[in-house]
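The values are calculated or read from the model by the stated rules, or taken from the named source; none is laboratory data. Computed from a predicted model, the values in this text were never measured in an experiment. Methodologically, a virtual Cβ is constructed for each residue, glycine included, from the backbone with ideal geometry; neighbour enumeration extends over all protein chains shown. Remember, those area values only see protein heavy atoms, side chains included, never the ligands or the DNA or RNA. Shrake-Rupley method; radii C 1.70, N 1.55, O 1.52, S 1.80 Å.
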Amino acid sequence: MDKLISDFSLGLFFWQFVIFVGLILLLKKFAWKPILDIINEREEGIKNALLSAEIAKRDMQNLRSDNEKLLAEARSDREAMMKEAREIKEKMISDAKAEAQVAGQKMIEQAKAAIESEKNAAMNELKIQVSTLSLEIAEKLLKEELSNKESQTKLVEKMLGDVKLN
């Protein structure tokens, strides 16, 4: 440091000062303005990017809330459709049960009617057979009774005796 002070030259100092001021003026004229313009543009770009990011964030929140609303609506629609499907299923099952019961009851009634008609037909056929058999037996008895003269006389007397009693 002592050496700098002892070797100090005023002319050198003056020229260095002039060159320094000239360099600053040149930098101000040619470099400072473009550098500031670039810095200002960059600052403006950053502000715009931040603003765009904020707008995008707001839009995303709006979209998210809209999506949640749509999702909730879709869930409620799905639940309503499932409930309706369950109700339709239950109705179809109950209708089928009722229909099956009616059909079963109808079949039972038809079976009862068929049994009753078969029973009546069997009873009629039995009555016819009994009456036919009775007639045949009576006919055979009468033939045997009437073939013998003594028997005929006894039969007539017996019938006459029965008539008097009444």
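Based on alpha-carbon centroids, what's the gap between the stretch 17-83 and the stretch 97-111 in Å, whole number please? Each part reduced to its Cα centre gives a spacing of 78 Å.
Rolling a 1.4 Å probe over the heavy atoms of the protein chains gives the stretch 46-93 an accessible area of 93 Å² per residue. When you work out D = kT/(6 pi eta Rh) for the chain at 10 °C and 1.306 mPa s, using the Kirkwood radius from C-alpha pairs as Rh and the Stokes-Einstein form, the result is 50 µm²/s. This model, with +1 at the C-beta of Lys and Arg and -1 at the C-beta of Asp and Glu, gives the stretch 70-139 a dipole about its Cα centre of some 360 debye.
Count Lys and Arg as plus one, Asp and Glu as minus one, and take only other residues whose Cβ is under 14 Å from that of residue 118; the net charge is then 0.
Counting only residues at least eight positions apart within a chain, or on another chain, the lysines with an alpha carbon under 30 Å from that of residue 97 are 83, 89, 106, 112.
Compare 118, 73 by solvent-accessible area with a 1.4 Å probe and give them largest first, with all protein chains kept in place.
Details: 118 125, 73 105 Å².
If we order 118, 73 from most to least accessible, we get 118, 73.
Take residue 86: with every protein chain present and a 1.4 Å probe, its accessible area is about 130 Å². Working note: Karplus 6.51/-1.76/1.60 with θ = phi - 60° gives the stretch 25-35 the couplings 5, 4, 5, 5, 6, 9, 10, 4, 5, x, 5 Hz, where Gly and Pro are set to x.
With the whole protein complex present, residue 89 retains an accessible surface near 110 Å², based on a 1.4 Å probe. Multiplying the residue separation of residue 86 and residue 142 by 0.36 nm and removing their Cα-Cα distance gives an extension gain of 12.0 nm. Work from the charge dipole of the stretch 43-102 (Cβ charges, +1 for Lys and Arg, -1 for Asp and Glu, about the Cα centre) and give the residue of 72, 61, 51 farthest towards its positive end. Farthest along the dipole direction, towards plus: 72. The modelled label-to-label distance for the pair residue 3/residue 121, using points 7 Å beyond Cα in the direction of Cβ, is 14.8 nm. To the nearest 10, the accessible area of residue 14 is 110 Å² with a 1.4 Å probe.
Counting only protein heavy atoms, what percent of the accessible surface of the stretch 109-161 is carbon or sulfur at a 1.4 Å probe? Display every interim value, and only then the final one.
Details: 2980 of 4820 Å².
Carbon-and-sulfur percentage of accessible area, whole number: 62.
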